[in-house]
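Enquirer: This is the structure I have questions about; it appears just below.
The values are calculated or read from the model by the stated rules, or taken from the named source; none is laboratory data. Nothing here was measured: the structure is a model prediction, and the numbers come from that model. Heads up, the Cβs are rebuilt from the backbone with ideal geometry, glycines too, and the neighbour counts pull from every protein chain shown. Heads up: the accessible areas ignore ligands, DNA and RNA and are worked out on the full protein's heavy atoms, side chains in. Shrake-Rupley method; radii C 1.70, N 1.55, O 1.52, S 1.80 Å.
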Amino acid sequence: MVGFVTLVPALCRSFTRSPRLISGGSIVSAEAVWDHVTMADRELAFKAGDVIKVLDASNKDWWWGQIDDEEGWFPASFVRLWVNQEENTAAETVEGASPSPSEVQNGHADASPSSSDCLCQPAQDRDQMRANIINEIMSTERHYIKHLKDICEGYFRQCKKRRDMFNDDQLRVIFGNIEDIYRFQMGFVRDLEKQYNTEEPHLSEIGPCFLEHQDGFWIYSEYCNNHVDACMELSRLMKDGRYQQFFEACRLVQQMIDIAIDGFLLTPVQKICKYPLQLAELLKYTVQEHSDYRYVAAALAVMRNVTQQINERKRRLENIEKIAQWQASVLDWEGDDILDRSSELVYTGEMSWIYQPYGRSQTRVFFLFDHQMVLCKKDLIRRDILYYKGRINMDRYNVVDAVDGRDDDFNVSVKNAFKLSNKDSDEIHIFLAKKLEEKLRWLRGFHEERKMVQEDEKIGFEISEYQKRQAAMTVRRMTKQKGHRSVPPGYPPPMDPMNPGQYLVGDSMEQSEFEFPEPERCKSPFWQSFSRLTPFRK
(Lines give C-alpha, C1' and ligand atoms only; values in the text may rest on other atoms or scores of the structure.)
Protein backbone atom coordinates (compact mmCIF):
# COMPACT_ATOMS: atom_id res chain seq x y z
CA MET A 1 0.00 0.00 0.00
CA VAL A 2 1.30 3.44 -0.88
CA GLY A 3 0.86 5.57 2.21
CA PHE A 4 -2.78 5.52 3.27
CA VAL A 5 -4.45 6.75 0.11
CA THR A 6 -4.43 6.27 -3.63
CA LEU A 7 -4.59 9.80 -4.93
CA VAL A 8 -7.61 10.99 -6.82
CA PRO A 9 -6.19 13.11 -9.66
CA ALA A 10 -4.45 10.15 -11.24
CA LEU A 11 -7.63 8.13 -10.96
CA CYS A 12 -9.66 10.88 -12.59
CA ARG A 13 -7.39 10.93 -15.58
CA SER A 14 -7.48 7.16 -15.96
CA PHE A 15 -11.23 6.75 -15.45
CA THR A 16 -12.55 6.51 -18.99
CA ARG A 17 -14.82 3.49 -18.75
CA SER A 18 -18.43 3.65 -17.62
CA PRO A 19 -18.74 2.97 -13.88
CA ARG A 20 -19.86 -0.57 -13.23
CA LEU A 21 -22.07 -1.76 -10.41
CA ILE A 22 -20.64 -4.04 -7.75
CA SER A 23 -22.01 -7.06 -5.88
CA GLY A 24 -23.32 -8.97 -8.86
CA GLY A 25 -24.89 -6.01 -10.60
CA SER A 26 -26.93 -4.77 -7.63
CA ILE A 27 -26.73 -1.28 -6.21
CA VAL A 28 -24.60 -1.22 -3.07
CA SER A 29 -25.04 1.67 -0.65
CA ALA A 30 -22.64 3.08 1.91
CA GLU A 31 -23.17 5.38 4.85
CA ALA A 32 -20.70 8.23 5.34
CA VAL A 33 -19.04 8.08 8.75
CA TRP A 34 -17.10 11.31 8.24
CA ASP A 35 -17.44 14.53 6.25
CA HIS A 36 -15.53 14.41 2.97
CA VAL A 37 -13.88 17.65 1.88
CA THR A 38 -13.55 17.83 -1.90
CA MET A 39 -10.21 19.20 -3.03
CA ALA A 40 -9.99 17.97 -6.63
CA ASP A 41 -12.16 17.70 -9.72
CA ARG A 42 -14.67 14.85 -9.91
CA GLU A 43 -14.72 14.20 -6.17
CA LEU A 44 -18.00 13.60 -4.36
CA ALA A 45 -18.67 15.78 -1.32
CA PHE A 46 -20.78 14.48 1.56
CA LYS A 47 -21.43 14.80 5.27
CA ALA A 48 -21.48 12.13 7.96
CA GLY A 49 -24.72 10.19 7.74
CA ASP A 50 -25.25 10.67 3.99
CA VAL A 51 -26.06 7.53 1.99
CA ILE A 52 -23.96 7.02 -1.15
CA LYS A 53 -24.68 4.63 -4.01
CA VAL A 54 -21.40 2.82 -4.73
CA LEU A 55 -21.10 2.34 -8.48
CA ASP A 56 -17.49 1.19 -8.80
CA ALA A 57 -15.27 -0.30 -6.08
CA SER A 58 -12.57 -1.81 -8.28
CA ASN A 59 -9.95 0.38 -6.60
CA LYS A 60 -9.51 -0.50 -2.94
CA ASP A 61 -8.92 3.08 -1.77
CA TRP A 62 -11.10 5.31 -3.97
CA TRP A 63 -14.61 4.38 -5.07
CA TRP A 64 -16.97 5.98 -7.58
CA GLY A 65 -20.39 6.82 -6.17
CA GLN A 66 -23.54 8.87 -6.50
CA ILE A 67 -25.63 11.10 -4.22
CA ASP A 68 -28.84 12.30 -5.88
CA ASP A 69 -27.69 13.54 -9.31
CA GLU A 70 -24.03 14.08 -8.34
CA GLU A 71 -21.35 11.49 -9.11
CA GLY A 72 -17.66 11.42 -8.25
CA TRP A 73 -14.73 9.79 -6.48
CA PHE A 74 -14.67 9.42 -2.71
CA PRO A 75 -12.30 7.69 -0.24
CA ALA A 76 -13.48 4.22 0.75
CA SER A 77 -12.12 4.78 4.24
CA PHE A 78 -14.74 7.49 4.86
CA VAL A 79 -17.78 5.20 4.56
CA ARG A 80 -19.38 2.09 6.04
CA LEU A 81 -20.52 -0.29 3.33
CA TRP A 82 -24.08 -1.64 3.33
CA VAL A 83 -25.42 -4.42 1.12
CA ASN A 84 -29.00 -4.77 -0.20
CA GLN A 85 -30.10 -1.69 1.68
CA GLU A 86 -33.79 -0.97 1.36
CA GLU A 87 -34.77 2.66 0.94
CA ASN A 88 -35.08 4.56 4.24
CA THR A 89 -34.20 1.47 6.32
CA ALA A 90 -31.05 0.51 8.11
CA ALA A 91 -29.06 -2.41 6.79
CA GLU A 92 -26.49 -4.72 8.21
CA THR A 93 -22.81 -4.22 7.68
CA VAL A 94 -21.18 -6.53 5.12
CA GLU A 95 -21.49 -10.17 6.27
CA GLY A 96 -22.46 -8.88 9.74
CA ALA A 97 -18.99 -9.78 10.95
CA SER A 98 -16.50 -7.97 13.13
CA PRO A 99 -14.24 -5.78 11.05
CA SER A 100 -10.91 -7.14 9.97
CA PRO A 101 -7.79 -4.92 9.86
CA SER A 102 -8.22 -4.43 6.12
CA GLU A 103 -11.87 -3.51 6.60
CA VAL A 104 -10.90 -0.90 9.14
CA GLN A 105 -8.42 0.60 6.70
CA ASN A 106 -10.92 0.60 3.83
CA GLY A 107 -13.75 2.01 5.88
CA HIS A 108 -16.01 -1.05 5.89
CA ALA A 109 -16.40 -0.79 9.64
CA ASP A 110 -18.42 1.68 11.65
CA ALA A 111 -16.09 4.39 12.93
CA SER A 112 -18.29 5.32 15.89
CA PRO A 113 -16.98 3.94 19.20
CA SER A 114 -19.11 1.18 20.69
CA SER A 115 -18.20 -0.09 24.13
CA SER A 116 -20.76 -2.91 23.86
CA ASP A 117 -19.07 -4.26 20.71
CA CYS A 118 -15.74 -4.17 22.50
CA LEU A 119 -16.91 -5.82 25.73
CA CYS A 120 -18.68 -8.71 24.02
CA GLN A 121 -15.47 -9.84 22.34
CA PRO A 122 -12.94 -12.16 24.01
CA ALA A 123 -10.07 -10.22 25.58
CA GLN A 124 -7.52 -11.88 23.27
CA ASP A 125 -9.45 -10.90 20.13
CA ARG A 126 -9.96 -7.40 21.48
CA ASP A 127 -6.26 -6.94 22.16
CA GLN A 128 -5.38 -8.30 18.73
CA MET A 129 -7.81 -5.88 17.09
CA ARG A 130 -6.32 -2.94 18.99
CA ALA A 131 -2.82 -4.11 18.06
CA ASN A 132 -3.81 -4.24 14.38
CA ILE A 133 -5.14 -0.68 14.49
CA ILE A 134 -2.05 0.59 16.31
CA ASN A 135 0.19 -1.11 13.73
CA GLU A 136 -1.86 0.40 10.92
CA ILE A 137 -1.55 3.90 12.40
CA MET A 138 2.20 3.53 12.75
CA SER A 139 2.54 2.17 9.23
CA THR A 140 0.55 4.99 7.64
CA GLU A 141 2.55 7.59 9.58
CA ARG A 142 5.86 6.20 8.29
CA HIS A 143 4.58 6.10 4.70
CA TYR A 144 3.24 9.62 5.07
CA ILE A 145 6.63 10.93 6.19
CA LYS A 146 8.10 9.39 3.03
CA HIS A 147 5.49 11.24 0.95
CA LEU A 148 6.31 14.56 2.62
CA LYS A 149 10.03 14.02 2.15
CA ASP A 150 9.51 13.30 -1.55
CA ILE A 151 7.50 16.50 -1.97
CA CYS A 152 10.01 18.69 -0.14
CA GLU A 153 13.21 17.19 -1.56
CA GLY A 154 12.00 15.85 -4.87
CA TYR A 155 9.82 18.77 -5.95
CA PHE A 156 10.02 21.87 -3.78
CA ARG A 157 13.80 22.15 -3.46
CA GLN A 158 14.30 21.43 -7.15
CA CYS A 159 11.75 24.09 -8.08
CA LYS A 160 13.55 26.67 -5.93
CA LYS A 161 16.69 26.10 -7.99
CA ARG A 162 14.89 26.96 -11.23
CA ARG A 163 14.31 30.70 -10.92
CA ASP A 164 13.83 30.82 -14.65
CA MET A 165 10.65 28.78 -14.25
CA PHE A 166 9.28 29.64 -10.79
CA ASN A 167 9.11 32.89 -8.83
CA ASP A 168 8.51 33.16 -5.07
CA ASP A 169 4.78 33.76 -5.42
CA GLN A 170 4.34 30.66 -7.55
CA LEU A 171 6.29 28.51 -5.11
CA ARG A 172 4.20 29.84 -2.23
CA VAL A 173 0.97 29.09 -4.06
CA ILE A 174 1.95 25.60 -5.24
CA PHE A 175 3.57 24.25 -2.08
CA GLY A 176 2.07 26.40 0.67
CA ASN A 177 3.58 25.57 4.07
CA ILE A 178 4.51 22.00 3.15
CA GLU A 179 7.96 22.29 4.75
CA ASP A 180 6.38 23.35 8.06
CA ILE A 181 4.09 20.33 7.89
CA TYR A 182 7.06 18.05 7.17
CA ARG A 183 8.99 19.38 10.20
CA PHE A 184 5.95 19.10 12.45
CA GLN A 185 5.12 15.60 11.28
CA MET A 186 8.71 14.44 11.83
CA GLY A 187 8.51 15.51 15.48
CA PHE A 188 5.07 13.96 15.88
CA VAL A 189 6.14 10.59 14.46
CA ARG A 190 9.32 10.65 16.54
CA ASP A 191 7.23 10.99 19.72
CA LEU A 192 4.73 8.44 18.44
CA GLU A 193 7.52 5.87 18.00
CA LYS A 194 8.53 6.39 21.64
CA GLN A 195 5.01 5.42 22.74
CA TYR A 196 4.86 2.39 20.45
CA ASN A 197 5.25 -0.95 22.22
CA THR A 198 6.89 -3.19 19.64
CA GLU A 199 6.49 -6.36 21.74
CA GLU A 200 2.84 -5.83 22.68
CA PRO A 201 1.35 -3.15 20.39
CA HIS A 202 -2.05 -3.26 22.12
CA LEU A 203 -0.43 -1.79 25.24
CA SER A 204 0.84 1.25 23.34
CA GLU A 205 -0.34 4.61 24.68
CA ILE A 206 -0.50 6.96 21.70
CA GLY A 207 -3.36 9.18 22.86
CA PRO A 208 -1.12 11.54 24.88
CA CYS A 209 1.06 12.10 21.80
CA PHE A 210 -1.89 13.56 19.88
CA LEU A 211 -2.76 15.80 22.80
CA GLU A 212 0.79 17.07 23.23
CA HIS A 213 0.93 18.05 19.55
CA GLN A 214 -2.67 19.26 19.17
CA ASP A 215 -1.71 22.90 18.56
CA GLY A 216 0.68 21.87 15.80
CA PHE A 217 -2.06 20.27 13.71
CA TRP A 218 -3.53 23.73 13.05
CA ILE A 219 -0.84 24.32 10.41
CA TYR A 220 -2.88 22.01 8.17
CA SER A 221 -5.55 24.71 7.98
CA GLU A 222 -3.24 27.01 6.05
CA TYR A 223 -2.25 24.21 3.69
CA CYS A 224 -5.84 23.10 3.03
CA ASN A 225 -6.97 26.68 2.44
CA ASN A 226 -4.18 27.10 -0.09
CA HIS A 227 -4.66 23.76 -1.85
CA VAL A 228 -7.33 24.93 -4.30
CA ASP A 229 -5.01 27.71 -5.48
CA ALA A 230 -2.18 25.19 -5.84
CA CYS A 231 -4.31 22.99 -8.10
CA MET A 232 -5.29 25.97 -10.26
CA GLU A 233 -1.70 27.15 -10.61
CA LEU A 234 -0.43 23.66 -11.46
CA SER A 235 -3.19 23.24 -14.03
CA ARG A 236 -2.10 26.47 -15.68
CA LEU A 237 1.59 25.51 -15.71
CA MET A 238 0.92 22.02 -17.03
CA LYS A 239 -0.35 23.51 -20.28
CA ASP A 240 3.31 24.20 -20.99
CA GLY A 241 5.24 21.06 -21.97
CA ARG A 242 8.39 22.33 -20.22
CA TYR A 243 6.72 22.07 -16.82
CA GLN A 244 5.35 18.61 -17.54
CA GLN A 245 8.85 17.39 -18.40
CA PHE A 246 10.40 19.14 -15.40
CA PHE A 247 8.01 17.65 -12.84
CA GLU A 248 8.36 14.19 -14.38
CA ALA A 249 12.17 14.49 -14.21
CA CYS A 250 11.90 15.46 -10.53
CA ARG A 251 9.81 12.38 -9.84
CA LEU A 252 12.25 10.03 -11.58
CA VAL A 253 15.35 11.50 -9.90
CA GLN A 254 13.74 11.16 -6.45
CA GLN A 255 12.61 7.61 -7.36
CA MET A 256 9.04 8.46 -6.44
CA ILE A 257 6.03 6.31 -7.26
CA ASP A 258 4.19 6.93 -10.51
CA ILE A 259 1.79 9.61 -9.28
CA ALA A 260 1.62 13.15 -10.63
CA ILE A 261 2.67 16.08 -8.46
CA ASP A 262 -0.94 17.17 -7.85
CA GLY A 263 -1.57 13.72 -6.38
CA PHE A 264 1.30 14.10 -3.93
CA LEU A 265 0.10 17.56 -2.93
CA LEU A 266 -3.35 16.16 -2.10
CA THR A 267 -1.88 13.79 0.50
CA PRO A 268 -1.77 16.24 3.49
CA VAL A 269 -5.39 17.22 2.85
CA GLN A 270 -6.55 13.63 3.03
CA LYS A 271 -4.24 12.83 5.94
CA ILE A 272 -5.66 15.41 8.34
CA CYS A 273 -9.18 14.17 7.51
CA LYS A 274 -8.15 10.56 8.19
CA TYR A 275 -7.00 11.06 11.81
CA PRO A 276 -10.51 11.17 13.38
CA LEU A 277 -11.48 7.94 11.62
CA GLN A 278 -8.36 6.15 12.84
CA LEU A 279 -8.78 7.40 16.41
CA ALA A 280 -12.46 6.44 16.41
CA GLU A 281 -11.53 2.90 15.42
CA LEU A 282 -8.84 2.79 18.08
CA LEU A 283 -11.26 3.98 20.76
CA LYS A 284 -13.78 1.37 19.67
CA TYR A 285 -11.36 -1.41 20.60
CA THR A 286 -9.93 0.20 23.73
CA VAL A 287 -11.60 -0.84 26.97
CA GLN A 288 -12.28 1.87 29.52
CA GLU A 289 -9.84 0.23 31.94
CA HIS A 290 -6.99 0.68 29.46
CA SER A 291 -4.52 3.41 30.50
CA ASP A 292 -4.83 4.95 27.02
CA TYR A 293 -8.64 5.13 26.91
CA ARG A 294 -9.29 8.65 28.20
CA TYR A 295 -6.37 10.04 26.19
CA VAL A 296 -7.61 8.48 22.95
CA ALA A 297 -11.12 9.82 23.64
CA ALA A 298 -9.72 13.31 24.19
CA ALA A 299 -7.49 13.04 21.10
CA LEU A 300 -10.51 12.04 18.99
CA ALA A 301 -12.41 15.14 20.14
CA VAL A 302 -9.41 17.35 19.39
CA MET A 303 -8.83 15.99 15.88
CA ARG A 304 -12.53 16.17 15.03
CA ASN A 305 -12.47 19.81 16.03
CA VAL A 306 -9.43 20.45 13.84
CA THR A 307 -11.04 18.90 10.77
CA GLN A 308 -14.33 20.64 11.48
CA GLN A 309 -12.59 24.01 11.57
CA ILE A 310 -10.71 23.21 8.36
CA ASN A 311 -14.03 22.35 6.71
CA GLU A 312 -15.43 25.66 7.93
CA ARG A 313 -12.48 27.63 6.56
CA LYS A 314 -12.82 25.90 3.20
CA ARG A 315 -16.51 26.80 3.10
CA ARG A 316 -15.65 30.43 3.74
CA LEU A 317 -13.11 30.48 0.95
CA GLU A 318 -15.74 29.11 -1.41
CA ASN A 319 -17.97 32.07 -0.52
CA ILE A 320 -15.56 34.89 -1.32
CA GLU A 321 -16.79 35.17 -4.91
CA LYS A 322 -20.30 35.78 -3.60
CA ILE A 323 -18.98 38.52 -1.31
CA ALA A 324 -17.11 40.14 -4.21
CA GLN A 325 -20.28 39.95 -6.28
CA TRP A 326 -22.27 41.62 -3.50
CA GLN A 327 -19.77 44.48 -3.31
CA ALA A 328 -19.99 44.96 -7.08
CA SER A 329 -23.77 45.36 -6.74
CA VAL A 330 -23.48 48.23 -4.20
CA LEU A 331 -23.41 51.63 -5.94
CA ASP A 332 -20.91 54.42 -5.15
CA TRP A 333 -18.50 52.07 -3.40
CA GLU A 334 -15.47 53.79 -1.85
CA GLY A 335 -12.27 52.63 -0.21
CA ASP A 336 -10.84 49.14 0.16
CA ASP A 337 -12.56 46.00 -1.04
CA ILE A 338 -14.41 43.90 1.53
CA LEU A 339 -12.10 40.97 0.84
CA ASP A 340 -9.04 43.00 1.87
CA ARG A 341 -10.04 42.37 5.48
CA SER A 342 -13.11 40.14 5.62
CA SER A 343 -14.28 36.74 4.44
CA GLU A 344 -17.63 36.15 6.14
CA LEU A 345 -20.99 37.88 6.30
CA VAL A 346 -22.04 37.45 9.93
CA TYR A 347 -25.34 39.32 10.17
CA THR A 348 -27.40 41.90 8.32
CA GLY A 349 -30.46 44.04 8.95
CA GLU A 350 -32.00 47.51 8.97
CA MET A 351 -31.84 49.84 12.01
CA SER A 352 -31.96 53.48 13.04
CA TRP A 353 -28.54 54.98 13.68
CA ILE A 354 -27.31 58.07 15.52
CA TYR A 355 -23.69 59.15 15.29
CA GLN A 356 -21.94 61.86 17.28
CA PRO A 357 -21.49 64.77 16.82
CA TYR A 358 -24.41 65.03 14.35
CA GLY A 359 -27.04 63.49 16.57
CA ARG A 360 -29.55 63.05 13.72
CA SER A 361 -31.30 59.69 13.38
CA GLN A 362 -30.87 57.92 10.04
CA THR A 363 -32.16 54.60 8.75
CA ARG A 364 -29.49 52.39 7.22
CA VAL A 365 -28.98 48.80 6.15
CA PHE A 366 -26.03 47.29 8.03
CA PHE A 367 -23.87 44.36 6.88
CA LEU A 368 -21.71 42.92 9.66
CA PHE A 369 -18.64 41.11 8.33
CA ASP A 370 -15.65 39.91 10.30
CA HIS A 371 -13.54 42.97 11.17
CA GLN A 372 -15.96 45.55 9.73
CA MET A 373 -19.57 46.66 9.38
CA VAL A 374 -20.71 48.27 6.12
CA LEU A 375 -23.45 50.92 6.06
CA CYS A 376 -25.74 51.22 3.04
CA LYS A 377 -28.73 53.37 2.10
CA LYS A 378 -31.70 52.21 0.06
CA ASP A 379 -32.66 54.18 -3.02
CA LEU A 380 -35.73 56.40 -2.46
CA ILE A 381 -37.48 55.13 -5.60
CA ARG A 382 -35.87 51.75 -6.24
CA ARG A 383 -35.87 50.31 -2.72
CA ASP A 384 -33.98 47.27 -3.99
CA ILE A 385 -30.85 49.32 -4.83
CA LEU A 386 -28.18 50.00 -2.21
CA TYR A 387 -25.73 52.90 -1.99
CA TYR A 388 -22.50 52.70 -0.01
CA LYS A 389 -22.46 55.12 2.95
CA GLY A 390 -19.43 54.07 4.95
CA ARG A 391 -18.07 51.40 7.25
CA ILE A 392 -17.05 50.86 10.86
CA ASN A 393 -13.81 49.11 11.83
CA MET A 394 -15.00 46.57 14.41
CA ASP A 395 -11.47 45.97 15.69
CA ARG A 396 -11.49 49.49 17.17
CA TYR A 397 -14.89 49.38 18.90
CA ASN A 398 -16.50 47.86 21.96
CA VAL A 399 -20.16 46.83 21.93
CA VAL A 400 -22.13 48.26 24.88
CA ASP A 401 -25.73 47.45 25.78
CA ALA A 402 -27.99 50.49 26.29
CA VAL A 403 -30.77 50.68 28.89
CA ASP A 404 -34.20 51.79 27.73
CA GLY A 405 -34.93 55.41 28.65
CA ARG A 406 -33.06 58.70 28.41
CA ASP A 407 -29.53 58.28 27.03
CA ASP A 408 -26.97 60.68 28.52
CA ASP A 409 -24.56 60.56 25.57
CA PHE A 410 -27.13 61.59 22.96
CA ASN A 411 -29.78 63.21 25.18
CA VAL A 412 -32.58 61.24 23.49
CA SER A 413 -35.01 58.56 24.61
CA VAL A 414 -33.97 55.11 23.35
CA LYS A 415 -35.51 51.65 23.29
CA ASN A 416 -33.99 48.36 22.13
CA ALA A 417 -30.67 50.12 21.64
CA PHE A 418 -26.96 49.32 21.85
CA LYS A 419 -23.79 51.34 21.30
CA LEU A 420 -20.43 51.02 19.59
CA SER A 421 -17.79 52.87 21.58
CA ASN A 422 -14.38 53.67 20.08
CA LYS A 423 -11.53 52.24 22.16
CA ASP A 424 -9.18 55.13 21.33
CA SER A 425 -11.49 58.17 21.33
CA ASP A 426 -14.83 59.53 22.55
CA GLU A 427 -16.59 58.52 19.34
CA ILE A 428 -19.88 56.71 19.96
CA HIS A 429 -22.53 55.24 17.66
CA ILE A 430 -25.98 54.26 18.91
CA PHE A 431 -28.26 51.84 17.09
CA LEU A 432 -31.99 51.36 17.65
CA ALA A 433 -33.67 48.10 16.66
CA LYS A 434 -37.40 47.75 16.05
CA LYS A 435 -37.84 44.98 18.60
CA LEU A 436 -35.97 43.56 21.59
CA GLU A 437 -35.50 40.23 19.77
CA GLU A 438 -33.73 42.01 16.92
CA LYS A 439 -31.43 43.83 19.34
CA LEU A 440 -30.49 40.53 21.01
CA ARG A 441 -29.70 39.03 17.64
CA TRP A 442 -27.37 41.89 16.82
CA LEU A 443 -25.60 41.53 20.17
CA ARG A 444 -25.19 37.82 19.51
CA GLY A 445 -23.89 38.68 16.04
CA PHE A 446 -21.20 40.98 17.44
CA HIS A 447 -20.18 38.23 19.84
CA GLU A 448 -19.89 35.74 16.98
CA GLU A 449 -17.85 38.24 14.94
CA ARG A 450 -15.27 38.63 17.71
CA LYS A 451 -15.15 34.87 18.26
CA MET A 452 -14.52 34.31 14.56
CA VAL A 453 -11.73 36.89 14.49
CA GLN A 454 -10.01 35.26 17.47
CA GLU A 455 -10.22 31.79 15.93
CA ASP A 456 -8.82 33.10 12.63
CA GLU A 457 -5.88 34.67 14.45
CA LYS A 458 -5.24 31.42 16.32
CA ILE A 459 -4.83 29.35 13.18
CA GLY A 460 -3.56 32.09 10.87
CA PHE A 461 -6.54 32.05 8.51
CA GLU A 462 -6.53 34.68 5.79
CA ILE A 463 -7.50 35.10 2.15
CA SER A 464 -4.51 35.02 -0.17
CA GLU A 465 -3.90 37.73 -2.75
CA TYR A 466 -4.26 35.06 -5.40
CA GLN A 467 -7.75 34.16 -4.15
CA LYS A 468 -8.77 37.83 -4.05
CA ARG A 469 -7.64 38.35 -7.63
CA GLN A 470 -9.50 35.25 -8.78
CA ALA A 471 -12.71 36.45 -7.11
CA ALA A 472 -12.38 39.91 -8.65
CA MET A 473 -11.74 38.44 -12.11
CA THR A 474 -14.83 36.24 -11.83
CA VAL A 475 -17.02 39.21 -10.93
CA ARG A 476 -15.61 41.31 -13.79
CA ARG A 477 -16.23 38.46 -16.22
CA MET A 478 -19.81 38.05 -15.05
CA THR A 479 -20.45 41.80 -15.24
CA LYS A 480 -18.97 41.99 -18.72
CA GLN A 481 -21.13 39.12 -19.92
CA LYS A 482 -24.24 40.88 -18.63
CA GLY A 483 -23.17 44.16 -20.28
CA HIS A 484 -24.04 46.28 -17.27
CA ARG A 485 -23.42 46.63 -13.57
CA SER A 486 -24.97 43.84 -11.55
CA VAL A 487 -27.79 45.08 -9.32
CA PRO A 488 -29.52 42.54 -7.06
CA PRO A 489 -33.28 42.57 -6.48
CA GLY A 490 -32.85 43.31 -2.79
CA TYR A 491 -30.68 42.63 0.22
CA PRO A 492 -30.93 39.22 1.91
CA PRO A 493 -32.93 38.63 5.10
CA PRO A 494 -30.68 38.21 8.15
CA MET A 495 -29.99 34.85 9.70
CA ASP A 496 -31.31 34.21 13.19
CA PRO A 497 -28.33 33.89 15.60
CA MET A 498 -30.54 32.15 18.14
CA ASN A 499 -31.81 29.57 15.63
CA PRO A 500 -29.20 28.95 12.92
CA GLY A 501 -30.74 28.44 9.51
CA GLN A 502 -33.91 30.42 10.27
CA TYR A 503 -34.43 33.57 8.21
CA LEU A 504 -35.94 36.68 9.80
CA VAL A 505 -38.07 39.44 8.37
CA GLY A 506 -37.89 42.84 10.05
CA ASP A 507 -40.85 45.19 10.37
CA SER A 508 -39.24 47.56 7.87
CA MET A 509 -39.31 44.88 5.15
CA GLU A 510 -42.31 43.70 3.20
CA GLN A 511 -43.30 40.28 4.50
CA SER A 512 -44.47 38.97 1.13
CA GLU A 513 -41.14 39.83 -0.51
CA PHE A 514 -38.79 38.01 1.87
CA GLU A 515 -40.58 34.92 3.13
CA PHE A 516 -38.59 31.65 2.96
CA PRO A 517 -39.61 29.44 1.28
CA GLU A 518 -42.02 30.98 -1.20
CA PRO A 519 -43.39 28.29 -3.55
CA GLU A 520 -45.29 30.56 -5.92
CA ARG A 521 -42.24 32.52 -7.08
CA CYS A 522 -38.52 31.88 -7.51
CA LYS A 523 -36.04 34.10 -5.70
CA SER A 524 -32.86 35.46 -7.19
CA PRO A 525 -30.15 32.74 -7.06
CA PHE A 526 -27.61 35.42 -6.16
CA TRP A 527 -29.34 36.50 -2.98
CA GLN A 528 -30.27 32.96 -2.07
CA SER A 529 -26.61 32.03 -2.10
CA PHE A 530 -25.50 35.28 -0.47
CA SER A 531 -27.91 34.85 2.42
CA ARG A 532 -26.26 31.50 3.14
CA LEU A 533 -23.09 33.36 4.04
CA THR A 534 -24.46 34.02 7.54
CA PRO A 535 -24.07 30.58 9.17
CA PHE A 536 -24.21 31.31 12.89
CA ARG A 537 -22.59 28.51 14.78
CA LYS A 538 -24.06 27.03 17.91
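Enquirer: Give me the residue from the range 178-208 that is touching a residue at least 60 places away in the same chain (Cβ under 8 Å) and of a type in the set (A, V, I, L, M, F, W, C) and, out of that set, farthest from P276 (Cα to Cα).
Expert: The extreme case among them is I178.
Enquirer: Could you list, in sequence order, the residues of the range 386-406 that are without any contact (Cβ under 8 Å) to a residue 12 or more places away in the chain and in a strand (DSSP E or B)?
Expert: Listed by number, the residues that qualify are G405, R406.
Enquirer: Can you confirm whether the range 237-257 contains a residue that is open to solvent by less than 10 Å² (accessible area, probe 1.4 Å) and out of contact with any Phe, Trp or Tyr (no Cβ under 8 Å at 6 or more places or on another chain)?
Expert: Scanning the range 237-257 turns up no residue that is open to solvent by less than 10 Å² (accessible area, probe 1.4 Å) and out of contact with any Phe, Trp or Tyr (no Cβ under 8 Å at 6 or more places or on another chain).
Enquirer: Just for the range 202-221: of the residues that are in a helix (DSSP H, G or I) and surrounded by 19 or more Cβ atoms within 10 Å (Cβ to Cβ), which one is modelled with the lowest pLDDT?
Expert: Per the stated criteria, the residue is S221.
Enquirer: Still on this model: When you scan the range 161-168, do you find a residue that is under 25 Å from the mean Cα position of the chain (by Cα) and assigned to a helix (DSSP H, G or I), even just one?
Expert: No, there is no match, as no residue in the range 161-168 is under 25 Å from the mean Cα position of the chain (by Cα) and assigned to a helix (DSSP H, G or I).
Enquirer: How many residues does the range 306-328 hold that are modelled with pLDDT of 90 or more and touching a Pro at 6+ places or on another chain (Cβ under 8 Å)?
Expert: 1
Condition check ((1) under 33 Å from the mean Cα position of the chain (by Cα); (2) within 30 Å of R476 (Cα to Cα); (3) modelled with pLDDT under 95) across all residues:
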| site | (1), (2), (3) |
| --- | --- |
| S343 | yes, yes, yes |
| H371 | yes, yes, no |
| D379 | no, yes, yes |
| V403 | no, no, yes |
| R406 | no, no, yes |
| S413 | no, no, yes |
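Enquirer: Could you tell me whether the range 14-22 includes any residue that is β-branched (V, I, T), under 18 Å from C224 (Cα atoms) and modelled with pLDDT under 85?
Expert: no
Enquirer: Now, a different point. Consider V346 against the criteria (1) more than 19 Å from L443 (Cβ to Cβ); (2) in contact with a helix residue (DSSP H, G or I) (Cβ under 7 Å, 6 or more places away or on another chain): it satisfies all of them except one. Which criterion is unmet?
Expert: (1)
Enquirer: Select the strands (runs of 3 or more DSSP E) contained entirely in the range 407-454, then report the ones holding at least 3 residues which are open to solvent by less than 40 Å² (accessible area, probe 1.4 Å).
Expert: So the answer is 417-422, 428-432.
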